[in-house]
Each structure stands twice: as structure tokens, then as C-alpha cells.
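Comments concern the structure below.
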């Protein structure tokens, strides 16, 4: 799974997100929590190879960037 990057915007109390770089994933929700949950589910539906890590960063009170990327479990296992 590659990294999924979303641009999120709040308009009229509703948060919406669109995938950056030509992707077709998008979602909307009443809260940032629900929006993040929906976007993670969308990313997993494209590639459910394992767990994911996510990062939500507010840019302004009405816009944010959200990233979903695969967990690198192998880096935490001592060899």
C-alpha cells in the first residue's frame, strides 16, 4: 500500500476530503473523527495488506491534511 494523502475542508459544519494527486477516494462527515475513520476504511479497501498509521494536521481551522500509510512492523522487530 502506498501513502494516501487527503486534503480536508470544512464547509457549513461538514468536513469533506479528496485524495491528492489524482486519486478518486473521497469522503465527508460531520466531524474530523468520523472523516478520518471513513478515509482509513477507504484506504484499506484499496489495499488491506495490514495495519496503517495515520496523521491528521490542521492547516487552518477549516482545512487540514490527512495521511494514511502502512505500518512498518518489520522495523520494530529485533533481528
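The values are calculated or read from the model by the stated rules, or taken from the named source; none is laboratory data. No experiment lies behind these values; they were computed from the predicted model shown. No Cβ is skipped: glycine too gets one built from the backbone with ideal geometry, and neighbour counts run over all protein chains shown.
Failed condition for residue 54, given (1) within 9 Å of the chain's Cα centre (by Cα); (2) part of a helix (DSSP H, G or I); (3) modelled with pLDDT of 85 or more, with all others met?
Evaluating residue 54 over (1) within 9 Å of the chain's Cα centre (by Cα); (2) part of a helix (DSSP H, G or I); (3) modelled with pLDDT of 85 or more leaves (2) as the failure.
May I ask you to say which residue of 75, 48 is at pLDDT below 95, on the phi < 0 side of the Ramachandran plot and in a loop (DSSP other than H, G, I, E, B)?
Testing whether each residue is at pLDDT below 95, on the phi < 0 side of the Ramachandran plot and in a loop (DSSP other than H, G, I, E, B) leaves just 48.
Can you tell me how many residues within region 19-45 are assigned to a strand (DSSP E or B) and over 18 Å from residue 69 (Cβ atoms)?
3
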